[in-house]
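Take a look at the structure set out below.
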Amino acid sequence: EASVTAVAPTAGGFFRAWPTGVAEPNATFMNFTAGQSITNTGAITLAPTGVRHLTIKGSGGTAHYVVDVQGYFVDPGDVPDGVVGAVYVPITPCRVVDTRGGGGALAPGAPRQVQVAGSGAGFAGQGGRVGGCAVPDGTDATEASVTAVGPSAGGYLRAWPTGVAEPNATFMNFTAGQSITNTGAITLAPTGVRDLTIKGSGGTAHYVIDLQGYYASAPVS
């Protein structure tokens, strides 16, 4: 788990991070504007072998980057016997929702249900990867980067499991015209196709959801 900071970029752009040795994904870890020093936090998948096990790339302008590590995830075999909990499964970053390519921008105060886990034709209308990102049905939560693209006014985004009451906690805050990303663990509904509900406030905006991995309950032995 790491925080990445873009320091004084000379132009607006985005930052990507992925395991060395695999193809560059289309999912982004962080977006920024010119001169904006900004931090995003999330789980970053590493290559299993080699010394240079992470590849990073910025776009749009020259910038310094700072990577601060808060912790790491271990293989299930390294956890003591009998422990029961959520096991984190990393994946190559995968885009599951992009309202610019499907569904259209969210109006303020209008919740939308989307599919994150499972398979089927529902993913095709969300603007992300057709067929989904291979997150199993019944997954407890996903590690995801959510980007608000060009909001028309300042506001916030909430994300919660479909079928439960809307929380008062927000996942991300933004100002008018600010394309910004935040990353964290998002809980999913245990059943149903549209397992995640998202809702913005303050202004109309497009949203992009990129997955880095998922959490699944399983005994570890």
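The values are calculated or read from the model by the stated rules, or taken from the named source; none is laboratory data. For clarity, every value in this text was computed on a predicted model and none was experimentally measured. Positions of Cβ are generated from backbone atoms using ideal geometry, with glycine treated the same way; all protein chains shown enter the neighbour counts. Protein only, heavy atoms only, side chains kept; ligands, DNA and RNA dropped before computing areas. Shrake-Rupley method; radii C 1.70, N 1.55, O 1.52, S 1.80 Å.
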Look at A165 and say whether it is aliphatic (A, V, I, L, M) and surrounded by fewer than 20 Cβ atoms within 10 Å (Cβ to Cβ). yes
With (1) without any contact (Cβ under 8 Å) to a residue 24 or more places away in the chain; (2) small (G, A, S); (3) in contact with an Asp or Glu (Cβ under 6 Å, 6 or more places away or on another chain) as the list, and G128 as the residue in question, which single condition is left unmet? (1)
Evaluate the following for T175: is it open to solvent by 50 Å² or more (accessible area, probe 1.4 Å) and in contact (Cβ under 8 Å) with a residue 40 or more places away in the chain? no
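Yes/no per residue for (1) out of contact with any Asp or Glu (no Cβ under 6 Å at 6 or more places or on another chain); (2) at pLDDT 95 or above; (3) of a type in the set (V, I, T):
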| residue | (1), (2), (3) |
| --- | --- |
| V7 | yes, no, yes |
| A17 | yes, yes, no |
| N26 | yes, no, no |
| F32 | yes, no, no |
| S37 | yes, no, no |
| N40 | yes, no, no |
| A43 | no, no, no |
Suppose we keep only residues that are farther than 18 Å from P111 by Cβ and β-branched (V, I, T) within the stretch 180-196. Which one would you say is most open to solvent (accessible area, probe 1.4 Å)? T191
Of all residues in the stretch 31-79 being of a type in the set (F, W, Y) and farther than 14 Å from F15 by Cβ, the one that is least open to solvent (accessible area, probe 1.4 Å): F73
Members of the stretch 1-22 found to be part of a loop (DSSP other than H, G, I, E, B) and either closer than 19 Å to P93 by Cα or among the basic types (K, R) (or both), listed by number: E1, T20, G21, V22
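Inspect the stretch 44-66 for any residue being within 19 Å of F174 (Cα to Cα), out of contact with any Cys (no Cβ under 9 Å at 6 or more places or on another chain) and either among the β-branched types (V, I, T) or not in a loop (DSSP other than H, G, I, E, B) (or both) and give the result as yes or no. I'd like the intermediate steps shown before the answer.
At the first step, the residues of the stretch 44-66 found to be within 19 Å of F174 (Cα to Cα) are none.
No: zero hits.
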If we ask which residues in the stretch 1-18 are open to solvent by 10 Å² or more (accessible area, probe 1.4 Å) and over 15 Å from E143 (Cβ atoms), their number turns out to be 9
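From the list V67, V87, pick out the single residue that is closer than 17 Å to Q212 by Cβ, touching a helix residue (DSSP H, G or I) at 6+ places or on another chain (Cβ under 7 Å) and aliphatic (A, V, I, L, M).
Details: V67 fails: touching a helix residue (DSSP H, G or I) at 6+ places or on another chain (Cβ under 7 Å).
Only one candidate qualifies: V87.
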Any residue in the stretch 70-99 that's of a type in the set (G, A, S): show its pairings with residues that are surrounded by 10 or more Cβ atoms within 10 Å (Cβ to Cβ) at Cβ separation under 6 Å, as long as the two are six or more apart or on different chains. G71/E1; A86/D140; A86/Y215; A86/S217
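Tell me, which strands (runs of 3 or more DSSP E) lie completely within the stretch 171-221 with 1 or more residues that are of a type in the set (K, R)?
Numbers: elements: 172-174, 180-187, 196-200, 206-219.
In the stretch 171-221, 196-200 are the strands (runs of 3 or more DSSP E) which contain 1 or more residues that are of a type in the set (K, R).
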Hey, among the residues in the stretch 134-148 that are open to solvent by less than 10 Å² (accessible area, probe 1.4 Å) and assigned to a loop (DSSP other than H, G, I, E, B), which one's modelled with the lowest pLDDT? T139
Specify the residue that is farthest from the chain's Cα centre (by Cα); the eligible residues are those in the stretch 33-60 that are closer than 18 Å to A148 by Cβ and touching a residue at least 60 places away in the same chain (Cβ under 8 Å). T33
